[in-house]
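Some notes on the structure that comes next.
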Amino acid sequence: MISPRFASTIKPSSKPSNFCPGCGHSIILKNLGQIISDLKIEKKTVFPIDIGCSLLAWDFFDVDTFQTHHGRTTAAAVGQKRARPDAIILAYMGDGGGYAIGLQNLVHACYRNENITVILVNNTMFSMTGGQMAPTSLPHEVTSSSPDGAFTQDKPFYGPEMLAREAHDGAYIARAAVSNPGQMKAYMQKAIQNQIDGKGFSFVEVLSYCPTNWKTNAEQTIRFLEKMKETFPVGEIKNPSLSSRAHSTSSG
């Protein structure tokens, strides 16, 4: 029972989280919302989101938002940017949508240096559909579709590193983790600023928690993310400020 003395100062959230307890999406979206507000780009932002856990992000921001077919978020984001060059396009997706069914669109958007920002959440599996093995599953990781361990052999899929090999000098590519929100926020803001500055493709992979499908308690969840960081090193992989020259973007 809230005391009448404090009732007027306590406001319940108008948008309660629909994510599972312990999910990292809420941490990512909170920081993304702060960046949008700090940069004062609310009226210019377009937020395409993929099917999967990422689609639950549609209910949190007062910006133009649309959901795409699974894996088509990058392509839709490119179309929006070409139709509205002055808009700030923030594509949001999971590792399944970006690295599995949507990999072709992601690679070619990077290769063409499309002036959009992509934020991809890596929790090592297809989470909304029950925790199946994904391109990012760790070697021998047990998932609902690999009960004897994921058959990724020596290594899983390294998305940022692959994109960096094909990216133009103007591209910004990084990997962060929800366990370090300050660093994660800084990388996402740099990625968005890179688009604002017209330098080209920007991409941030974020290592995130999924205790529901990992079947972990709080301590085990934190340990699993640390294991992920040993496999997927965090840091800036490509920063245009360190490049010798910049390429113009294909979308103006």
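A compact table of results
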read-out	value
Some residue of the stretch 198-206 being out of contact with any helix residue (DSSP H, G or I) (no Cβ under 8 Å at 6 or more places or on another chain), at pLDDT 95 or above and in a helix (DSSP H, G or I)	no
Extreme residue, farthest from Thr45 (Cα to Cα), among residues of the stretch 191-231 that are small (Gly, Ala, Ser) and surrounded by 23 or more Cβ atoms within 10 Å (Cβ to Cβ)	Ser208
Helices (runs of 4 or more DSSP H) completely within the stretch 39-114 that count 1 or more residues being buried (at least 20 other Cβ atoms within 10 Å of the Cβ) and modelled with pLDDT under 95	95-99
Residue list for the stretch 16-33, filter: more than 12 Å from the chain's Cα centre (by Cα) and either in contact (Cβ under 8 Å) with a residue 40 or more places away in the chain or assigned to a helix (DSSP H, G or I) (or both)	Asn18, Cys20, Pro21, Gly22, Cys23, Lys30, Gly33
Residue count for the stretch 146-180, restricted to those that are surrounded by 15 or more Cβ atoms within 10 Å (Cβ to Cβ) and either of a type outside the set (A, V, I, L, M, F, W, C) or under 14 Å from the mean Cα position of the chain (by Cα) (or both)	18
Matching residues, the stretch 69-109, being of a type outside the set (A, V, I, L, M), out of contact with any Phe, Trp or Tyr (no Cβ under 7 Å at 6 or more places or on another chain) and either over 23 Å from Gly24 (Cα atoms) or in contact (Cβ under 8 Å) with a residue 60 or more places away in the chain (or both)	Gly79, Gln80, Lys81, Arg82, Arg84, Pro85, Asp86, Asp95, Gly98, Gln104, Asn105, His108
Residue satisfying all of: in the stretch 210-244; part of a helix (DSSP H, G or I) and of a type in the set (A, V, I, L, M); nearest to Cys20 (Cα to Cα) among these	Ala218
Any hit, the stretch 34-44, residues being among the small types (Gly, Ala, Ser) and in contact (Cβ under 8 Å) with a residue 40 or more places away in the chain	no
Top-ranked residue of the stretch 126-172 - restricted to ones that are assigned to a loop (DSSP other than H, G, I, E, B) and among the hydroxyl-bearing types (Ser, Thr, Tyr), ranked as modelled with the lowest pLDDT	Thr152
Tally, over the stretch 15-29, of residues that are among the polar types (S, T, N, Q) and buried (at least 21 other Cβ atoms within 10 Å of the Cβ)	0
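The values are calculated or read from the model by the stated rules, or taken from the named source; none is laboratory data. Quantities reported herein were computed from a predicted structural model and do not represent experimental measurements. Cβ: placed from backbone, ideal geometry, glycine included. Neighbour counts: every protein chain shown.
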